[in-house]
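The values are calculated or read from the model by the stated rules, or taken from the named source; none is laboratory data. Since the structure is predicted, the reported quantities are computational estimates derived from the model, not experimental observations. As a convention, Cβ positions derive from the backbone with ideal geometry for all residues, glycine included, and neighbour counts pool all protein chains shown. Surface accessibility is based on the protein's heavy atoms, side chains included, excluding ligands, DNA and RNA. Shrake-Rupley method; radii C 1.70, N 1.55, O 1.52, S 1.80 Å.
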Amino acid sequence: MRYALTLVWLGLALVPAVARAGGASVRETTLEIPTYPVGPEDKNPPLWNLNVYPYPMQTDITTDKVPVKYRVVILENDYIRVLILPDVGGRVYAAHDKTNGDFDFIYHNHVVKPGLVALRGAWLSGGIEWNFPTRGHNVHTFSPVQYKVVKGDDGSVTCVVGTREWVRRMKWAVATTVYPDRSCFRNRVLLLNPTLTHNNGYFWANAAVHAWPDTKVSFPPAEYTYAGRRRNPQPWPIYRGKDLGWYKNTHHAFDYFCGTPADYVAAYNHEHQCGSVHVASRHDSFGKKFWTWGIARSGLIWEGILTDQDGQYIELQSGRLLTQGDTWIFEPHLQESWDEYWYPVKDMDGFVKGNADAAVNFAPRDGKLLVALNVTRPLRDAAVRVLAGDKVLLDQTLSIGPGQSWRKEIPFAGDAVSCRLELLDRRGREVLSYTPRHPQVPPPELEPEMPTGETASAEELCLAGYYAMKHWNLPRAVELFERSLEKEPGFTPALRWLAVVYYKTGRFADAARLADRVLRRNEDDHTARYYRALSRIALGIPQRVEEDLDLLARRAAYRHVAPFVQAALAVAAGDLGRAEERLRRALHENPGDLKARAMLASVLRHRGRTRDAIPLVGRVLAVDPLNDLASVERVFLGAAEPDSLAVLRTDPQHYLEVACDYMQMNLHEDAAATLELYGRQPGAPPHPMVCFYQGYLADKAGKPESAREHYARGAKLSPDYVFPFRTESLAVLRTGLRLLPRDWKLHYYLGTLLTAKLRWKEGVDHLVAARRQEPAYPVLYRNLGEIYWHRFRDYPNAQAEYEKAVALNPKDSAYYLALDRLYALQGDHPKRDRLFRRAPAEVQADFRVLLGRAAYHADVGQYDEALAILRRHTFHPWEGWTGARELYVRTLHLRADRFAKQGDHEKAAADLRLAMEWPENLGTGKPHAPDHSREHYKLGLCYRALGKPDLAREQFAKVLQGPTPKDSPWRAKAQKELDAAGSRNRPEKEGPRRAKEIDERGGLG
């Protein structure tokens, strides 16, 4: 089967043949990049970070640069070169304009120098990263993903990157295509929810471009922007007399989200005469964003953190929804796909509009109109027209191609708003048009905010819980749903959403009970009916399941997925004919359901109709070349060899997910065969969960001895980095405990899984059961310590567990940090001191431990020792983190208070002046307008005590003149001091009197 006939999603045969110049090429090779490696990933599961678990954190930032070879896919033609790194999140590493001195219109960072920015920590600046489905830089941004190279019949070349994300078990893929005759590259985005549950959806493409003083960012006409979420809109582009489109006019880190759905965002560098354009239809991709670190040192410090020599960057981003505070509920078995384009521009003196074919500048200047064009595809005998009302100012025929710039100045003294530019192809079809007349922009539509106080209604609390759930805060959502039900026990929306949460966390009986309560009050609540059916299937309760699914199959919201669930029931009943019919029905309602198509191939295989099944799998792989289930099914069909499964990357989780897909369809033998395939892959590492699933499947097949052997083999493997996350694993691990009831690792895995599913009260029982056997595994004791600390607030028990963890692994800095905090909470400072002194040298050198050590010294009044640590060492910040500087300022204030109490106001004043400095080794640069009101006020007190009333008044006045908030207590105190100074008749006696007051109250505050 030819790709030209089947690659519907990639669209590789849909571009008409045109002149191909030198053609497009693709190379898979290696690229050596100077790299600051990230140390070992954290073996401790991020139990409370539900946007990261089951992934380990990547926070061990190093400072040694070494050469590292990366796999790279290079797509290029005569105009552009695009580099893609599958080993670093599948990001577009860089894109260059070959017609303009190899200008990197997608910022090329020539080092891999991670900073602490992403969800898991490590993050690389530059290129384009793909963020789905969780807000923030995604969990794979510094990890390998799957990829595949495809060549199109039209001469185009494509690299597809993507993966399953295990937090929510959804799939993303991006196909980057370079065409022979175009100076743009296309990203075709594919998002899939192959699960049976509703999940949060979120997508933003984050591209970096150069930030120079001459850089200006353009959106389509918009009167306002948002920052972060759809709240507090701000005028755009002119705000407080400044054009915020210019990079140089934003002093602090800020994000500008175009206030209305937009087709493009661009950055043009006026002195360099080059720029970058991003295009994505506002109908597909509402959001366009400009983000900057700002030009103050608070942002510029990140240039040195993230690169060695490539300079500062800004980000042009494109999102599915309007802002990054917006998410959608991604329904089960649905998929979304759209196209985005990126291209360079040059020699235009600016930019006002662009689409996938062309970009234009249209600017009145000194009695003339400047018209400048770039195009991304060849245009022969095109027409450029400029009209002012009915008057034709310009009507010119031209031929122009990618890499060329056309410009013309037209005499015109009128109002440019009346003008219109048209670029037409040789057949008179519009390529691009532009008018300076702005369309009417609707007023902002702000995101809802719900009260959550005692007077909030059940509906308000439920809606607040719904938005908390959409904003990734599931524990808060559950709390608000429960509070809603306290107000009104029968409030069905809260019952329904709790049922959804309970099902997704494996509380199937509770989910069925709540869904049933909903249906007793509202039998037309289809979501409640759907989750009641799923919960009863999970519990093995057949009552009314088929009836519920029959009803759902008639309703628009579930008619695509209810037949899929029914097909699984038919397979379990041995009725493959009905299973086929139900899967075909699901595909009739949702032709894009890749999972249903692959499962239909499986059912046909079991019915002996292999020839009918193979084309189905081919269609799946044409749409998603990285599809795990279809890749495995193709092997089972005999249409591919097992070595074709290299796309699964010998990652056990990909095989486990395929096994779970087959288990969901009740094809248990296929699930077992999938895991056998994994074991035969060259280089596939043994994994406990693979063994456990094999044991579970053997047990279901009536082979208890084989099952016990599989479980025993898995129990012998290391538990390092094994963080169970699937609800299916609950039954798998419980079956293991039935067969091997004394195995501590099975208890450990089950306890960890339950804790991660917000079921820590159940989880702790299994962790305690594992602890009774006293295994020498520190993560077990750390997990118990976390639960005792953060859930029970039982500090003594938490301390005891962490002390055990430290004893077993004295080189894990995180254990020392946790113990230090626990000792501090209990006021046991001598233990803090001994803890740090006894730590190994490598732990003592960890900047996080050094910060904890400095905090200890500050807490016990050893200010000189604390400041010595803070001055001598470098602290790596998370984005937005100011912890080291805050400790530095706090320590200086405490020491200044001590000096003042001792009557040494000169030294106190010196410390306060130091507190207004910004040593960058602390990981924080000086903001544009820092608020030093506290320091100025206390300096005023020092100068007054020193008998220097003029200097004192100057400091008090600075409090009022600075950026101090109107409600700041320091402002009120300074005003009081100035008022008092104005009424004093004998200021020469003020110094000794104020010194006495400071001494009596023990400080300057």
Tally time: how many residues in region 628-672 are touching a strand residue (DSSP E or B) at 6+ places or on another chain (Cβ under 8 Å) and open to solvent by 10 Å² or more (accessible area, probe 1.4 Å)?
4
Wholly within region 376-452, strands (runs of 3 or more DSSP E) carrying at least 1 residues that are in contact (Cβ under 8 Å) with a residue 40 or more places away in the chain and of a type in the set (A, V, I, L, M, F, W, C):
379-388, 405-411, 419-424, 430-434
Single residue of Arg91, Arg71 found to be under 28 Å from the mean Cα position of the chain (by Cα), in contact (Cβ under 8 Å) with a residue 40 or more places away in the chain and surrounded by fewer than 20 Cβ atoms within 10 Å (Cβ to Cβ):
Arg71
Can you name the number of the only condition in (1) surrounded by fewer than 22 Cβ atoms within 10 Å (Cβ to Cβ); (2) part of a helix (DSSP H, G or I) that Pro775 fails?
(2)
Considering only region 836-854, state which residues are open to solvent by 20 Å² or more (accessible area, probe 1.4 Å) and either over 33 Å from the mean Cα position of the chain (by Cα) or on the phi > 0 side of the Ramachandran plot (or both).
Arg837, Arg838, Pro840, Ala841
Subset of region 244-260, residues open to solvent by 10 Å² or more (accessible area, probe 1.4 Å), closer than 18 Å to Glu303 by Cα and either aromatic (Phe, Trp, Tyr) or part of a loop (DSSP other than H, G, I, E, B) (or both), comes to Tyr247, His251, His252, Ala253, Phe254
So which pairs qualify, if the first residue must be in region 917-932 and touching a residue at least 40 places away in the same chain (Cβ under 8 Å) and of a type in the set (Asp, Glu), the second must be open to solvent by less than 30 Å² (accessible area, probe 1.4 Å) and part of a helix (DSSP H, G or I), the Cβ gap must be under 8 Å, and the two must be at least 6 apart or on different chains?
Glu920/Ile301
Answer from Leu887, Leu817 - the residue that is among the aliphatic types (A, V, I, L, M), closer than 30 Å to Arg120 by Cβ, surrounded by fewer than 21 Cβ atoms within 10 Å (Cβ to Cβ) and within 31 Å of the chain's Cα centre (by Cα):
Leu817
Against the conditions (1) within 26 Å of His140 (Cα to Cα); (2) more than 19 Å from the chain's Cα centre (by Cα); (3) buried (at least 23 other Cβ atoms within 10 Å of the Cβ), where does Thr215 fall short? Just the number, please.
(1)
May I ask you to list the residues in region 552-583 that are open to solvent by 60 Å² or more (accessible area, probe 1.4 Å), of a type outside the set (Gly, Ala, Ser) and under 38 Å from the mean Cα position of the chain (by Cα)?
Arg554, Arg555, Arg559
Among the residues in region 180-193, are any touching a Gly at 6+ places or on another chain (Cβ under 9 Å), more than 27 Å from Asn374 (Cβ to Cβ) and among the acidic types (Asp, Glu)?
no
I'd like to know if region 739-751 contains one or more residues that are open to solvent by less than 30 Å² (accessible area, probe 1.4 Å), at pLDDT 95 or above and over 20 Å from Tyr53 (Cβ atoms).
yes
Please go through (1) of a type in the set (Phe, Trp, Tyr); (2) assigned to a loop (DSSP other than H, G, I, E, B); (3) more than 16 Å from Phe142 (Cβ to Cβ) for Phe105 and return the number of the only condition it doesn't satisfy.
(2)
Among what's in region 961-976 and is at pLDDT below 95 and in contact with a Lys or Arg (Cβ under 8 Å, 6 or more places away or on another chain), pick the residue that is surrounded by the fewest Cβ atoms within 10 Å (Cβ to Cβ).
Pro965
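For every residue, the table says whether it meets (1) of a type in the set (S, T, N, Q); (2) part of a helix (DSSP H, G or I); (3) closer than 26 Å to Asn473 by Cβ.
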| position | (1), (2), (3) |
| --- | --- |
| Ser706 | yes, yes, no |
| Val722 | no, no, no |
| Thr735 | yes, yes, no |
| Thr752 | yes, yes, yes |
| Asn783 | yes, yes, yes |
Please give the strands (runs of 3 or more DSSP E) falling wholly within region 124-172 in which 3 or more residues are in contact with a helix residue (DSSP H, G or I) (Cβ under 7 Å, 6 or more places away or on another chain) and either surrounded by fewer than 24 Cβ atoms within 10 Å (Cβ to Cβ) or in contact (Cβ under 8 Å) with a residue 40 or more places away in the chain (or both).
146-151
